[in-house]
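J.: Quick one: the structure is below, and I'll ask about it shortly.
Read-outs throughout are calculated quantities, based only on the coordinates presented, and are distinct from any laboratory measurement. Because the structure is a prediction, the values reported are computed rather than measured. Ideal geometry is used to build each Cβ from the backbone, glycine not excepted, and the neighbour counts take in all protein chains shown.
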Amino acid sequence: MGPKTAEFEKRFSEQMNVTYALAVSNGTCALHLALKVLGIKEGDEVIVPSLTFVATVNAICYVGAKPVFCDVTSLEDLTINPEMIENLVTERTRAILVMHYAGFPCNMDRIMYLASKYNLKVVEDACHGLLSEYKGRKLGTIGHLGCFSFFSNKNIATGEGGMLVTKEEQYYTKAKLLRSHGMTTLSYERSKGHSTAYDVVDLGFNYRLDDIRSALGLVQLAKLEKDLQKRAALRQHYVKNLVAIEGIIIPFQRYEDFVSNYIFPIVLEKSTAEKRDKLRSHLQAAGIQTSVHYPAIHKFSVYSEPSVRLPLTEYVSDNEVTLPMYSALTTDEIEYIGETIKQAL
């Protein structure tokens, strides 16, 4: 960590309109540090969606807490269901970890109300939502801490990398200490003669981001808004081409605020996993890459809980298809994708 990392943090905080930004090795590290500085520990419970990438849930287990899985709101809104959150709160609940699916916001007004009502902390997994907005505020800046990823498929890609943001100085100071082994000074500072000694005052981690990746992040941050504007236009074209096709749901179809459009998901109606996989195979044969976001976490072997029933999440996991979404995509390609889907169905 050197001058490029410091500059990356500064520009990121300015772009997000948040007080503190801390560059880290990846988004998983950001999630781990967020829970760590909040004091989440063994025996605590954290309410979390099952429809997310596994790192969101892994971070809860890293601090010894128990993930309590929550369903999504609907097939049109694939974010965590606030009403179910309230039903899951127990005397052991300490936090809510939300994930802004595809860059579209959770119902943060309701979630922050519940957090206040039950004295809970809120961590935002905003890895999909860089520069996405909720009522004029950037995602990741509404809860107590926000986490971002710069993995190779994200809106900013540095290979590996992440950012932790917060408005609270106490969380920032603690996370900054834990980021580099709990050391009171850093190697870069000592090399410049600012300090010749250091103490280790906490059990920290090696979660630093190097200046090479920070330099990549700086360049991409400057291009980000233009890239997202292109994605927004492509999303409108997608919706125009897909809305009339019977048998599919376009989640967040009517959401109008600015979002990252990290991915473009569709959900098949009255479908099965087998039918979804046949559609994906048909698209692959036509030269169209697809993906699935995501397998339900509560169904993974390591997290399997037979008593957990999340019907909407389970349906989405079996019937969601993620279509191509990137700023260099053309309208002709989107029309081809739409026509191919229509023929296949």
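J.: Among DSSP bridges having both ends in the chain, what percentage is antiparallel? Round to the nearest 5. Each step should come with its number before you reach the end.
T.: Details: 21 of 38 bridges.
The antiparallel proportion sits near 55 percent.
J.: Please get the size of the charge dipole for the range 3-220, origin at its Cα centre, with Cβ charges of +1 on Lys and Arg and -1 on Asp and Glu, quoted in debye to the nearest 20. Don't jump to the answer; show the numbers that get you there.
T.: Numbers: 23 positive and 24 negative charges, 107 e Å.
Around 520 debye, computed over the range 3-220.
J.: Just to be sure I understand: with springs between alpha-carbon atoms less than 10 Å apart, which residue in Ser74, Ser132, Ser260 has the highest mean-square fluctuation in the Gaussian network model of the chain?
T.: Greatest mean-square fluctuation among the candidates belongs to Ser74.
J.: So how tilted is helix 3-16 from the main axis of the chain? Cα-based, degrees 0 to 90, rounded to 10.
T.: 50 degrees
J.: Can you tell me the orientation of helix 273-285 relative to the chain, as the angle in degrees between its alpha-carbon axis and the longest Cα principal axis, to the nearest 10?
T.: 90 degrees
J.: Sorted from fewest to most neighbouring beta carbons within 10 Å, what does the list His32, His237, His144 look like? Please list the in-between numbers first.
T.: Numbers: His32 25, His237 17, His144 20.
Starting with the residue having the fewest Cβ neighbours, the order is His237, His144, His32.
J.: Mind checking the angle between helix 108-117 and the chain's longest principal axis? C-alpha axes, 0 to 90 degrees, to the nearest 10.
T.: 50 degrees
J.: Which FRET efficiency value, to the nearest 0.05, is calculated for Asn119 and Val201 with the Förster distance at 41 angstrom and r the Cβ-Cβ distance? Intermediate results must be reported in sequence, preceding the final value.
T.: Details: r = 28 Å, r/R0 = 0.69.
Calculated value: 0.90.
J.: Under a point spin-label approximation (7 Å from Cα along Cα-to-Cβ), what is the Ile212-Ala157 distance to one decimal in nm?
T.: In this crude label model, Ile212 to Ala157 measures out at 1.8 nm.
J.: Moving to a separate point now. Under the rule a/c < 1.5 gives rounded, and otherwise a/b versus b/c splits prolate from oblate, where does the range 55-120 land using the Cα gyration tensor?
T.: Working: a/c = 1.83, a/b = 1.20, b/c = 1.52.
It is oblate, given that a/c is not under 1.5 and a/b is not larger than b/c.
J.: Let me ask something additional. Taking the structure as given and computing percent of Cα pairs over 40 Å apart, which label from (1) 18; (2) 22; (3) 13 fits?
T.: Label of the calculated value: (3).
J.: Under the Kirkwood approximation applied to all pairs of distinct alpha-carbon atoms, what is the hydrodynamic radius of the range 224-344 in Å? Each step should come with its number before you reach the end.
T.: Working: mean 1/r = 0.0648 Å⁻¹.
Every distinct Cα pair counted, the radius reaches 15.4 Å.
J.: Per residue of the range 248-257, in order, report the coupling 6.51 cos²θ - 1.76 cosθ + 1.60 (Karplus, θ = phi - 60°) as ³J(HN,Hα) in whole Hz, putting x for Gly and Pro.
T.: 10, 10, 9, x, 6, 4, 9, 6, 10, 5
J.: Helix-only mean residue ellipticity at 222 nm, the chain, DSSP H runs n ≥ 4 weighted -39,500 (n - 2.57), per residue, nearest 500. What is it?
T.: Working: 11 runs with 135 residues, N = 345.
Rounded to the nearest 500, it is -12000 deg cm²/dmol.
J.: Enumerate the calculated ³J(HN,Hα) couplings along the range 154-164 in order (Karplus 6.51 cos²θ - 1.76 cosθ + 1.60, θ = phi - 60°), each rounded to whole Hz, writing x wherever the residue is Gly or Pro.
T.: 8, 5, 10, 10, 10, x, 9, x, x, 8, 10
J.: Taking the Cα atoms of the range 194-278, report the difference between the largest and smallest coordinate on each principal axis, in whole Å and largest first.
T.: That works out to 68, 33, 23 Å along the principal axes.
J.: Among the listed pairs Lys174/Lys299; Lys41/Lys154; Lys66/Lys121; Lys154/Lys230, which have their C-alpha atoms separated by more than 23 angstrom in this model? Intermediate values should be presented prior to the final figure.
T.: On the way: Lys174/Lys299 34 Å; Lys41/Lys154 30 Å; Lys66/Lys121 15 Å; Lys154/Lys230 15 Å.
Checking Cα-Cα distances, Lys174/Lys299; Lys41/Lys154 exceed 23 Å.
J.: Most fluctuating residue of Gly287, Gly162, Gly140 in a GNM of the chain with Cα springs under 10 Å: which is it?
T.: Per the Cα network of the chain with a 10 Å cutoff, Gly287 tops the list.
J.: Okay, next question. If you take all C-alpha pairs in the range 1-115, what percent of them are over 23 Å apart? Display every interim value, and only then the final one.
T.: Working: 2338 of 6555 pairs.
Cα-Cα pairs in the range 1-115 separated by more than 23 Å: 36 percent.
J.: While we're looking at this one, here's another question. Between the range 220-236 and the range 78-149, how many Å separate their Cα centres?
T.: 24 Å
J.: Connecting C-alpha atoms closer than 10 Å in a GNM of the chain, tell me which of Val302, Val48, Val316 has the biggest fluctuation.
T.: Val302
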